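Derivation of every value follows stated rules applied to the coordinates shown; laboratory data play no part. Here the structure is a predicted model, which is why all the values come from computation and not from measurement. Cβ atoms come from the backbone with ideal geometry, glycine included; neighbour counts cover every protein chain shown.
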């Protein structure tokens, strides 16, 4: 590429309305998650979320894709990927939410995923890694450090922060694992299986760690679970598919930098989360880092 080429921006070629809807839906999950764990323990929230999502997705898959056709090898791959992308990713994040991790910081950590995925692909798979991606990742991490500041209480302490970082790692590793699945399995059937496969181990984990389920507010719990399952898991999947069809395979990654600021606004309005001036500066720094590293070229 010559120096005369026009500068690229993160949203080049990305359809506006599907991207805006996807960002809003995805960001809302970082608010619904903390709201859910306030009234139901984290692992039981996830049991309900994925059980309800699988029940919603199954008839959708049957009606739009017909009967499931999948080999044993592909079934194992889809199930393993689902355990990482759903069970481990959200299990660690929701446990962090219960410890006090703020919604905005959770979104900020996850927004680093496209860049971390590129870094891991370069290190583990030998894929080409650009200098801009490395710089963007470093700037993004620096922004997280600035948001945290000397006091990590907003991250749920050391344990909450480590769980949040573990969730980020699961998201990036799970994204790489999607390549292992390939394209032979229909995406809606794949999502159905990935939700369903998480329910039994999460039930065992919830019983072992949290005991019998207890609900603080049935109404709040129902709203949170239906939102997480119906809006984040089902509608989010459909919007992602629309975004990819209209904007290309990298469209979702190219809008990840918008998740933290949108989540910050939602968390301020709905959860009364407030950021200091230094935290806003760190949020902006990290957003710029991710935006630069994931920019799409025309």
Rounded to whole Å, sorted largest first: equivalent-ellipsoid semi-axes of the stretch 126-165, Cα gyration tensor = 27, 13, 5
request  = Note down the relative contact order for the chain as a percent, whole number, built from C-alpha pairs under 8 angstrom at least six residues apart.
outcome  = 43
query = According to a simple spin-label model (label point 7 Å from Cα along Cα-to-Cβ), what is the distance in nm between residue 284 and residue 203?
reply = 5.0
message = With just the Cα atoms defining each centre, how far is the stretch 44-58 from the stretch 76-108? Give it in Å.
response = 15
task = Return the FRET efficiency for the residue pair residue 223, residue 71: r is the Cβ-Cβ distance, R0 is 45 Å, and the value is rounded to the nearest 0.05.
result = 0.70
request  = Between residue 214 and residue 79, take the C-beta separation as r, use R0 = 22 Å, and let me know the FRET efficiency to the nearest 0.05.
outcome  = 0.15
remark   = Output for the stretch 207-286 (equivalent-ellipsoid semi-axes, sqrt of 5λ from the C-alpha gyration tensor, Å, descending) is 28, 23, 12
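Mean separation of Cα pairs under 8 Å and 6+ residues apart, divided by the residue count of the stretch 54-147: what relative contact order is that in percent?
Averaging sequence separation for qualifying contacts and normalising by length gives 21 percent for the stretch 54-147.
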task = Compute the Rg to Rh ratio over the chain from the alpha carbon atoms, using the Kirkwood formula for Rh, and round to two decimal places.
result = 0.96
